[in-house]
Amino acid sequence: MRLQFLGDLRDAYKWDLLHWICTESNPPFSQLTIIPMLNPDDPDSTHGQTSPESFNCRPAVLRFLHSLREEPRQIERLKDLGNLGGLDAFDVRLYNPNRFISSDWNRAHYWDGLKRILLQNPLVFVDPDTGFETKTQAGEKHLRFGETLYLLNQLDDRSCLAIFQYRPQGQSWQDVFNRISSGASQGFFRAMICGNTALVMLAKYEAVKRRVNQSLTDYSNLHAEVKKLP
C-alpha cells in the first residue's frame, strides 16, 4: 500500500468487496484487520489517479473513498470502513499503520506483535503493493510465501485471510494462481478478479471457506466485471 493510492479505482473494488465479505458472510465477521505493508509514495508515479466512480460500488463506500482522497492522506481513515451509514458495522484494526515494510534483514521485525492484534473472528487483509512474491522478486512490494504461512498459523478456526494481487504484465491469471496455489498450497481456495487486480482468499479450515464462499458468489453475481476462480 501507498498513501497516494488511497481512494482510487482499485480501492473502490477492494474496499467494497472487503466490506461485503465482512457483513455478508455467514456468520458475519466482527473484525477486519488490515496489514498495509506500507511503502513510501513515489512522486514520479502516475498511479493512484484513477476515479473510484468507474467501479459500481455502493454509495456509502464511494463516500468513504472520497474521504480517503482528502489531503493530507491519512491511513487512519481506513478505520471508517467499518462504520458507514446505512450498512452493517464491524470493527476495523490497523496493524503497523505507520511503519514501512522493507526487504532487508529488518523485515522480520515488521511482524513483531502481530498476535496482539489478531483477536477473535477476524477477516485479515494484507495489502502488498503488487501481491505475492514472484520467481525473481520478493522485495518490499511483495508478500512472501513464508510470511503467508506464518499469517495462516496465527489465525483461529473462524478466521480468513485476503491478500491483494496485481497481475504482472505478460502473465495470465492462470499462471499467477498456479504459482500462488503452489507456494500457499495449505490455504488458497478462491480468487476474486476484477480487471488486473484480485483478492486472493486463504483459510486453514473448511468451515471458514464455506462461511465466505456464498458471499463471494453473491458478489460476483452482482458485478459482471468480477470473476470468481476457481
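The values are calculated or read from the model by the stated rules, or taken from the named source; none is laboratory data. Because the structure is predicted, anything quoted here is derived from the model rather than measured. Cβ placement follows ideal geometry from the backbone for every residue including glycine, while neighbour counts extend to all protein chains displayed.
Pairing residues of segment 60-81 that are more than 19 Å from TRP20 (Cβ to Cβ) with residues that are of a type in the set (D, E, K, R) and not in a helix (DSSP H, G or I), at Cβ distances under 9 Å and at least 6 apart in sequence or on separate chains, gives ARG69/ASP8; ARG73/ASP41; ARG77/GLU70. For segment 44-59, check the following and say yes or no: at least one residue is surrounded by fewer than 22 Cβ atoms within 10 Å (Cβ to Cβ) and either modelled with pLDDT of 95 or more or touching a Gly at 6+ places or on another chain (Cβ under 7 Å) (or both). Yes, segment 44-59 has at least one match. Look at (1) crowded, with 17+ Cβ neighbours inside 10 Å; (2) of a type outside the set (Asp, Glu); (3) modelled with pLDDT under 90; (4) touching a strand residue (DSSP E or B) at 6+ places or on another chain (Cβ under 6 Å) and you find that LEU199 fails only one, number (3). Could you please let me know if ASP127 is exposed (fewer than 13 other Cβ atoms within 10 Å of the Cβ), under 22 Å from LYS209 (Cα atoms) and either charged (D, E, K, R) or more than 19 Å from the chain's Cα centre (by Cα) (or both)? When the stated conditions are applied, ASP127 does not pass them. Looking across ARG58, ARG73, one residue alone is farther than 24 Å from ILE193 by Cβ and of a type in the set (Lys, Arg). It is ARG73.
Among the residues making up segment 202-217, those that are polar (S, T, N, Q) and loosely packed, with under 15 Cβ neighbours inside 10 Å are GLN214, THR217.
Scanning segment 186-196 for residues that are assigned to a loop (DSSP other than H, G, I, E, B) and buried (at least 21 other Cβ atoms within 10 Å of the Cβ) turns up just one, GLY187. Looking at GLN171, GLN165, GLN137 in this structure, which one is buried (at least 17 other Cβ atoms within 10 Å of the Cβ), within 28 Å of ASP42 (Cα to Cα) and without any contact (Cβ under 8 Å) to a residue 60 or more places away in the chain? Only one candidate qualifies: GLN165. Whenever a residue of segment 142-155 is free of Cβ contacts under 8 Å to residues at least 60 places away in the same chain, its partners that are of a type in the set (Ser, Thr, Tyr), lying with C-beta atoms within less than 8 angstrom and at least six residues away or across chains, give the pairs HIS142/THR130; HIS142/THR134. List every residue pair whose Cβ atoms lie under 9 Å apart, where the two residues are 6 or more positions apart in sequence or sit on different chains, the first residue falls within segment 97-122 and is farther than 15 Å from ILE34 by Cβ, and the second residue, located anywhere, is surrounded by fewer than 10 Cβ atoms within 10 Å (Cβ to Cβ) and modelled with pLDDT of 85 or more. From residues that are farther than 15 Å from ILE34 by Cβ, the pairs are ASN121/PRO27.
Say we look at segment 85-117 and pick out the residues that are surrounded by fewer than 19 Cβ atoms within 10 Å (Cβ to Cβ) and of a type in the set (A, V, I, L, M); which of these is farthest from LEU65 (Cα to Cα)? Step by step, filter segment 85-117, then rank; the result is ALA108.
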